[in-house]
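Novice: Structure in structure tokens, see below.
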Amino acid sequence: MTEVRDYSNLIGGELRPAAGGGTLDSIDPSTGRVWARVPRSTAEDAEAAVAAARAAFPKWSNLPAAARAHYLRKVAGVFAKHAQELAELETRDNGRTINETAKRDLPGMTYLWNNAAAECASAVEGRSVDFGATSLGVTRREPYGVTLGIIPWNSPISTLSAKAAFALAAGNTVIIKPAEQATVSSLRVAELLKDVLPPGALNVVSGLGEEVGDPLVRHRGVNKISLTGSVDTARIITRASADSLKPLALELGGKSPNIVFADADLDKAAVGVTTQAIFTANAGQICYGGSRVLIQRPVYDEMLHRMKEIAAGIKLGDPSSPETTMGPIVSRAQYERVTSYLEIGAKEGAELVFGGRFGAEVVADPTLTEGYWVEPTLFATTDNSLRICQEEIFGPVAVVLPFDTEEEAVTLANDSVYGLAAGVWTRDLGTAQRMFRNLETGTVWVNTFRKVMFPLEGVKDSGYGHDSVLAYTREKAGLFEF
Ligand code: NAD
């Protein structure tokens, strides 16, 4: 039997269990077995975290930018030193393959924290306006105070880092609320940073959204909230924070179109609409996953053929093996949701191009049969109003639609409540430029996909706001007459 380890919250520089003693089981999604326990925090822990973050704020916010940068570079060093261990934990925690966590996510975190350190200076840059010989207008950037980062399960370490690093760089103190489905990597980061940052500068409090997230959201001692999560949660948080009128940043879901024109480099595009965008190492559990593939009719059959070939080469299995190219779905609830869409697609009359199997059927290893497996699945239709074309599935399930003209591609792509990202595959600069302008999304990738850029900001139901140093400051105005 493998040992089940207990993890703690980080509050005010101390590692503590939940005040009420509650715990939640953490399930390894590749085996369906409990492998760790995390605190099930409540309002009492929320209160303690806010008190600790408020107590730390005056000193942290008054540090010179260079001193804050020094701390953040030390954090970057911790990520570099513990990269392999954190990659392994992240893989165990949410099923994203080791290839991805070790080669892409963790090296990216060292870069992100160093980058936040380099940007500390921009957080203290103000403007000045000369109103004449005796009058000078100035602005100064100020941190909000205590910021709350609420994070999802699909990329915990990266989302924690984006919400903590930039907020800290700007002089805020931070509380992070990880997602209940994948909490361990965030709590291990908290342990590693316990003695690296001043007590209370960064606090991590685990538990359920309704039990500890909600009291944090409502708390008057929290001055800004950044949520990465679902549209439903964003609506709940918006209502819950209304009384205290907090600024929000909402990074939400998507149904991203990935559009292939007939003149595209089809070798690149075939990878770009499959393993790069939706049939990914974390099984398409990506907010900006390219779940709607639009293909211009002259290359439609050829692209389907190529997509099928690439999907057949994807290897599901133990996410900690370097040979595995796709991991499991994060939890039973999410697995049931994803597989329900396989039924919905069939009932709606969409054609199954490939995939469609799930569960024990798609993994050979007998130790993994209780895991949450779904194979890469592609539906085809000409009707963009189907639920599989409109609703975020958040798994390795895509739908392909043909189009004839550029105008039709734009209409289809924009016919969505979401507007997070889009991909465009073409060799024509004019087409690329017009698509960039006409697509109603926060990001457009041309001849690439899923290269993270900041700001990563949505439009429509994909939310608004983003995580960057300036986004964690407000600008105060002063007018000096003498
Ligand atoms: P979710 O909305 O269920 O949960 C996100 C977080 O909100 C969790 O920490 C959860 O505990 C917390 N929460 C839930 N109810 C709460 C409440 N009442 N008060 C305070 N906190 C509460 O999302 P999820 O299922 O963890 O993640 C998947 C979603 O996240 C998808 O929709 C995906 O598209 C989105 N996402 C978006 C981005 C982006 O950058 N735009 C990135 C990753 C994921």
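Novice: List the strands (runs of 3 or more DSSP E) inside the stretch 346-427, counting only whole elements, that have at least 2 residues being more than 23 Å from Ala281 (Cβ to Cβ) and either in the same structural domain as Leu316 (by TED's automatic domain parsing) or touching a helix residue (DSSP H, G or I) at 6+ places or on another chain (Cβ under 8 Å) (or both).
Specialist: 351-354, 397-403
Novice: Please go through (1) surrounded by 21 or more Cβ atoms within 10 Å (Cβ to Cβ); (2) under 22 Å from Leu456 (Cα atoms); (3) among the aliphatic types (A, V, I, L, M) for Val204 and return the number of the only condition it doesn't satisfy.
Specialist: (2)
Novice: OK, next. The conditions are (1) assigned to a helix (DSSP H, G or I); (2) modelled with pLDDT of 95 or more, and Gly137 fails exactly one of them. Which is it?
Specialist: (1)
Novice: Collect the residues in the stretch 223-243 that are touching a helix residue (DSSP H, G or I) at 6+ places or on another chain (Cβ under 9 Å), more than 23 Å from Ser468 (Cα to Cα) and of a type in the set (Gly, Ala, Ser), keeping them in residue-number order.
Specialist: Ala240
Novice: Can you name every residue in the stretch 174-203 that is at negative phi and away from the ligand (no atom under 16 Å from the Cβ)? Spell out how you get there, then give the answer.
Specialist: Within the stretch 174-203, the first condition is being at negative phi, and the residues that meet it are 174-199, 201-203.
Matches in the stretch 174-203: Arg188, Glu191, Leu192, Leu193, Lys194, Asp195, Val196, Leu197, Pro198, Pro199, Ala201, Leu202.
Novice: Let me ask something else. Which of the residues spanning the stretch 443-482 are closer than 30 Å to Asn258 by Cα, out of contact with any Gly (no Cβ under 9 Å at 6 or more places or on another chain) and surrounded by fewer than 15 Cβ atoms within 10 Å (Cβ to Cβ)?
Specialist: Result: Lys451, Met453, Phe454.
Novice: Would you mind telling me which numbered condition in (1) of a type outside the set (S, T, N, Q); (2) surrounded by 23 or more Cβ atoms within 10 Å (Cβ to Cβ); (3) closer than 28 Å to Thr441 by Cβ Tyr300 fails?
Specialist: Every listed condition holds for Tyr300 apart from (2).
Novice: Ok, one more. So for the stretch 257-269 (the condition being in contact (Cβ under 8 Å) with a residue 40 or more places away in the chain, touching a Pro at 6+ places or on another chain (Cβ under 7 Å) and surrounded by fewer than 24 Cβ atoms within 10 Å (Cβ to Cβ)), does at least one residue qualify?
Specialist: Step one: list which residues in the stretch 257-269 are in contact (Cβ under 8 Å) with a residue 40 or more places away in the chain, which gives 257-261, 263-266, 268-269.
Subsequent filtering for residues that are touching a Pro at 6+ places or on another chain (Cβ under 7 Å) retains none.
Looking through the stretch 257-269, none of the residues is in contact (Cβ under 8 Å) with a residue 40 or more places away in the chain, touching a Pro at 6+ places or on another chain (Cβ under 7 Å) and surrounded by fewer than 24 Cβ atoms within 10 Å (Cβ to Cβ).
Novice: More than 13 Å from the ligand (Cβ to nearest atom) and out of contact with any Leu (no Cβ under 9 Å at 6 or more places or on another chain): which single residue out of Gly272, Gly209, Gly284 fits that description?
Specialist: Values: Gly209 fails: more than 13 Å from the ligand (Cβ to nearest atom); Gly284 fails: more than 13 Å from the ligand (Cβ to nearest atom).
It is Gly272.
Novice: Does Leu72 meet the test of being part of a strand (DSSP E or B) and over 30 Å from Leu316 (Cα atoms)? If you could, list the steps in order and put the result at the bottom.
Specialist: Values: part of a strand (DSSP E or B): no; over 30 Å from Leu316 (Cα atoms): yes.
Taking the combined requirement at face value, the residue does not satisfy it.
Novice: Go through the stretch 145-183 residue by residue and tally those that are over 12 Å from the mean Cα position of the chain (by Cα) and touching a residue at least 60 places away in the same chain (Cβ under 8 Å). I'd like the intermediate steps shown before the answer.
Specialist: Taking the stretch 145-183 and keeping what is over 12 Å from the mean Cα position of the chain (by Cα), we get 145-148, 164-177, 180-183.
Applying the additional criterion that residues be touching a residue at least 60 places away in the same chain (Cβ under 8 Å) yields 145-148, 165-175, 180-183.
Residues meeting the conditions: 19.
This table checks each residue for (1) modelled with pLDDT under 95; (2) polar (S, T, N, Q); (3) farther than 30 Å from Leu72 by Cβ; (4) out of contact with any Lys or Arg (no Cβ under 9 Å at 6 or more places or on another chain).
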| site | (1), (2), (3), (4) |
| --- | --- |
| Ile393 | no, no, yes, no |
| Val399 | no, no, yes, no |
| Leu412 | no, no, yes, no |
| Leu420 | no, no, no, no |
| Phe436 | no, no, yes, yes |
| Pro455 | yes, no, no, yes |
| Gly465 | no, no, no, yes |
| Phe482 | yes, no, yes, yes |
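Novice: Residues to consider are Gly229, Gly254, Gly272, Gly221; find the one that is at pLDDT 95 or above and touching a Lys or Arg at 6+ places or on another chain (Cβ under 8 Å).
Specialist: Numbers: Gly229 fails: touching a Lys or Arg at 6+ places or on another chain (Cβ under 8 Å); Gly254 fails: touching a Lys or Arg at 6+ places or on another chain (Cβ under 8 Å); Gly272 fails: touching a Lys or Arg at 6+ places or on another chain (Cβ under 8 Å).
Of Gly229, Gly254, Gly272, Gly221, the one residue that is at pLDDT 95 or above and touching a Lys or Arg at 6+ places or on another chain (Cβ under 8 Å) is Gly221.
Novice: Let me ask something additional. Please count how many residues of the stretch 218-262 are in a loop (DSSP other than H, G, I, E, B), more than 7 Å from the ligand (Cβ to nearest atom) and within 30 Å of Thr405 (Cα to Cα).
Specialist: Quick first cut of the stretch 218-262, residues in a loop (DSSP other than H, G, I, E, B) only: 219-223, 229-230, 241-247, 252-256, 261-262.
Next, only the ones that are more than 7 Å from the ligand (Cβ to nearest atom) stay: 219-223, 241-247, 255-256, 261-262.
From the residues that got through so far, the ones that are within 30 Å of Thr405 (Cα to Cα) too are 255-256, 261-262.
Result for the stretch 218-262: 4.
The values are calculated or read from the model by the stated rules, or taken from the named source; none is laboratory data. Note that the coordinates shown come from a computational prediction; the quantities given were computed from them, not determined experimentally. A quick note on method: Cβ atoms are made from the backbone with ideal geometry, for glycine too, and the neighbour counts reach across all protein chains shown.
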